[in-house]
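One structure is given below, encoded as structure tokens.
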Amino acid sequence: MAMLRPLKIVCLSARCCSNFVSRMRYVNRLKEDDELCAAALQNGHMFLFHRLSPLLQRTQQGTLRLATLRTTDVQSVLERLGSDRTLLKESVLIGCSEQNQVQFCLDVGELDQASVEELCGGTFINLRKAFFLLTGAEAPLVAKGQALLRWHQTSGFCSSTGEPTHRNQAGSQRVCNRSSIIYYPKMSPVVIVLVSDGKRCLLGRQSTFPQGMYSALAGFCDMGETLEETLSREVAEEVGLEVHSVSYSSSQHWPFPQSSFMMGFHALVSPAHSQVSVDLTELEDARWFSLEEITWALQVKTPPTRGDPAIAFWLPPKHAIAHRLITEWTDRQTH
């Protein structure tokens, strides 16, 4: 039976603690006070999406960044394209930056994509691609914004009465007036685990992965399962191994396929019982990798071009929790 080790204590810097507390309390008030949120929207910063694809802009260095617009700029764009300014009411609150700038997102999918891109000086890029092109700080903002916008687009009716639901100004909830049921955005819990036999780590790939990419094993939690049970079941199902020791690493919101909450773990298996038996309905391949192989793969900074013979395999990008697990394992092996 897998044993869950004590939860790792995460030490957070107190450098901006008082500012952080004030920002979090302010965001909470915005969620509870429609008038206050509407006022904040008028001076807020906006991230635009077009059918759930975020607007990115190219920097002078040739990299891409998340396009940040002021609400007044978005109003001007809507007016120039003949759109009703009430579309701004569909904006969703994301949070508040360290510079005390209230952040919102808005999907303008009803407008012509090329026209919006021209007026805003950016390009709408599919999230799966954009997520890996942005910096670590911007990627979570894009993921959160898209997740909230998608939830509103797919939660317009009450599952109990079939009546339309109505959102608050912040977009933090929807309510059915007939049943008084309050709906909140949801994420699907997923366990992701890096399995090791002490000297090697186990990575797998699905057929939907980019060519040559291997990652840690992952699976959705079944109803009623604990995290330990999910982890043990998924490893047994996918690669035919039984884990005997589990330790928690960290967590991450993951926007694929639709708003997953990833909880990362390390797990050990006995070297004497490490023969992999891949369930080909779950994975395309899974195999053990040595420390030398992993160290080499961590040096690959960008995805290889198709057919590059010099790149045997590569790993998920830095801001993916799988990359964090692999890096942690490597550090443990070398220290």
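Per-structure values
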| read-out | value |
| --- | --- |
| Nonlocal amide H pairs with LEU203, under 5 Å, H built at 1.01 Å | ARG287, PHE289 |
| Region 145-218: Rg to Rh, with Rh as the Kirkwood radius over Cα pairs | 1.26 |
| Mean-position separation - Cα centroids, region 107-169 and region 54-75, in angstrom | 15 |
| Estimated dipole of region 156-267 in Debye, rounded to 20 [Cβ of Lys and Arg +1, of Asp and Glu -1, Cα centre] | 540 |
| Selected from LEU227, PRO54, MET24, residue furthest toward positive end of dipole (the chain; charges at beta carbon) | MET24 |
| J(HN,Hα) series, region 166-171, from Karplus relation 6.51 cos²θ - 1.76 cosθ + 1.60, nearest Hz, glycine and proline x | 10, 8, 7, 4, 6, x |
| Share of Cα-Cα pairs in region 70-126 lying beyond 18 Å, as whole percent | 37 |
| Square roots of five times the Cα gyration tensor eigenvalues for the chain, Å | 39, 24, 20 |
| Dipole of region 66-177, positive end: most advanced residue of GLN99, LEU69, GLY121 [Cβ charges, Cα centre] | GLN99 |
| Interchain or long-range residues, amide H under 5 Å from SER188's placed H | SER260, PHE261 |
| Of all accessible heavy-atom area on the chain, the percent that carbon and sulfur account for (1.4 Å) | 52 |
| Cα-based helix-to-principal-axis angle, 71-80 vs the chain, degrees rounded to 10 | 70 |
| Selected from ALA114, ALA170, ALA67 as most flexible by GNM, with the chain as the system and alpha-carbon contacts under 10 Å | ALA114 |
| Estimated dipole of the chain in Debye, rounded to 20 [Cβ of Lys and Arg +1, of Asp and Glu -1, Cα centre] | 860 |
| For region 193-210, 3J(HN,Hα) per residue [Karplus equation, 6.51 cos²θ - 1.76 cosθ + 1.60, θ = phi - 60°, Hz, x = Gly/Pro] | 9, 9, 8, 9, 9, x, 10, 10, 10, 9, 10, x, 9, 9, 5, 7, 5, x |
| Accessible area of ILE182 in the full protein assembly, 1.4 Å probe (Å², nearest 10) | 80 |
| Residue-averaged [θ]222 nm for the chain, counting only DSSP H segments that reach four residues, each worth -39500 (n - 2.57) | -9000 deg cm²/dmol |
| Built amide H within the under 5 Å cut-off of LEU56, gap 5+ | ALA67, THR123, PHE124, ILE125 |
| J(HN,Hα) series, region 172-183, from Karplus relation 6.51 cos²θ - 1.76 cosθ + 1.60, nearest Hz, glycine and proline x | 8, 6, 10, 10, 8, 5, 6, 9, 6, 6, 9, 9 |
| Average accessible surface area per residue within region 89-142, 1.4 Å rolling probe, Å² | 47 |
| Global size of region 184-335 as Cα Rg and Dmax, reported in angstrom | 14.9, 48 |
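The values are calculated or read from the model by the stated rules, or taken from the named source; none is laboratory data. Computed from a prediction, not measured in an experiment: that's the story for all the values here. Every residue, glycine as well, gets a Cβ built from its backbone with ideal geometry; the counts of neighbours run over all protein chains shown. Remember, those area values only see protein heavy atoms, side chains included, never the ligands or the DNA or RNA. Shrake-Rupley method; radii C 1.70, N 1.55, O 1.52, S 1.80 Å.
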